[in-house]
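Since the structure comes first, as structure tokens, the remarks are kept for the end.
The values are calculated or read from the model by the stated rules, or taken from the named source; none is laboratory data. Predicted model only: the values in this text are computed from it and were never measured. Please note: Cβ atoms are built from the backbone with ideal geometry, for glycine as well, and neighbour counts cover all protein chains shown. All accessible areas refer to the heavy atoms of the entire protein, side chains included, with ligands and DNA or RNA removed. Shrake-Rupley method; radii C 1.70, N 1.55, O 1.52, S 1.80 Å.
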Amino acid sequence: MAKLTIKGNGATITRSTAAGTPDFRIITTTNSELSLLNLTISNGRANEGAGIALTGNTKLSLNAVNLLNNHADEGGGVFVAYTGNQVNITNSHFEGNKATTWGGAVSVYIGNPSVTIMNSTFFNNEGPSGSSLFTYTTQNINVSNNCFVNNGDLSVFNYASSTLSMPNNWWGASTGPSVSVDGNGDTISTKISY
């Protein structure tokens, strides 16, 4: 397994917004161990994972990474699927990411990947099914101590039949997330404990 660490020191990796620029994903990683630190990834365009896509047997670590304005059919910011992939996201920021289907900022698809998201912010992301987070599974998923504010439609969507535990997150309102009539913060689906 190849190992790579990128210390961005505040740098940005971006796709140009100039007219005629072709669509492409910023980072694709497979069979590797990739660590990104203090970096911005922006304006990717792809079917899956316009910012970052894990395609198999990969360990991905994001620390102090900004994913901004990445647009995809699924997983605008990050797309992860299948057993063997591991993602650890800390102290990071997702803003303006968009999906036309699942997971505007992050999509956790089929299989049982391991995903941890902590101490991160999700703001103004868009998508009809999980503008911040879509998950197809609840196994090996840890999402806690994050901030979800002003994300579109259904901010977090748990597609699995089992309950997703999401403790100690801020939902943009002191009353908590909006689930039917419970709170006034970002809207979340059923089968989520918070």
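The sole residue among 141, 192 that is touching a Leu at 6+ places or on another chain (Cβ under 9 Å), in contact (Cβ under 8 Å) with a residue 12 or more places away in the chain and within 15 Å of residue 105 (Cβ to Cβ) is 141.
Condition check ((1) in a loop (DSSP other than H, G, I, E, B); (2) among the hydrophobic types (A, V, I, L, M, F, W, C)) across all residues:
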residue: 61; (1), (2): no, no
residue: 67; (1), (2): no, yes
residue: 73; (1), (2): no, no
residue: 76; (1), (2): yes, no
residue: 83; (1), (2): yes, no
residue: 87; (1), (2): no, yes
residue: 94; (1), (2): no, yes
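One line per residue, one yes/no per condition, for (1) under 12 Å from the mean Cα position of the chain (by Cα); (2) open to solvent by 20 Å² or more (accessible area, probe 1.4 Å); (3) closer than 20 Å to residue 132 by Cβ:
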{"site": "30", "(1), (2), (3)": "no, yes, no"}
{"site": "33", "(1), (2), (3)": "no, yes, no"}
{"site": "43", "(1), (2), (3)": "no, yes, yes"}
{"site": "49", "(1), (2), (3)": "yes, no, yes"}
{"site": "57", "(1), (2), (3)": "no, yes, no"}
{"site": "64", "(1), (2), (3)": "no, yes, yes"}
{"site": "74", "(1), (2), (3)": "yes, no, yes"}
{"site": "80", "(1), (2), (3)": "yes, no, yes"}
{"site": "85", "(1), (2), (3)": "no, no, yes"}
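Right, residue 194: closer than 17 Å to residue 114 by Cα and of a type in the set (Phe, Trp, Tyr) or not? The answer is no for residue 194. Taking into account only those residues within region 96-106 that are open to solvent by less than 10 Å² (accessible area, probe 1.4 Å) and either in a strand (DSSP E or B) or in contact with a helix residue (DSSP H, G or I) (Cβ under 9 Å, 6 or more places away or on another chain) (or both), which is nearest to residue 52 (Cα to Cα)? Filtering region 96-106 for residues that are open to solvent by less than 10 Å² (accessible area, probe 1.4 Å) and either in a strand (DSSP E or B) or in contact with a helix residue (DSSP H, G or I) (Cβ under 9 Å, 6 or more places away or on another chain) (or both), the one nearest to residue 52 (Cα to Cα) comes out as 106.
Tally up the residues in region 165-179 that are part of a strand (DSSP E or B), small (Gly, Ala, Ser) and under 17 Å from residue 123 (Cα atoms), please. Final tally of qualifying residues: 1.
If we keep just the residues of region 145-158 that are without any contact (Cβ under 8 Å) to a residue 40 or more places away in the chain and open to solvent by 10 Å² or more (accessible area, probe 1.4 Å), which is nearest to residue 93 (Cα to Cα)? For region 145-158, the residue satisfying everything is 147. Residues of region 107-124 that are crowded, with 16+ Cβ neighbours inside 10 Å, modelled with pLDDT of 95 or more, out of contact with any Asp or Glu (no Cβ under 7 Å at 6 or more places or on another chain) and not in a strand (DSSP E or B): 120 alone.
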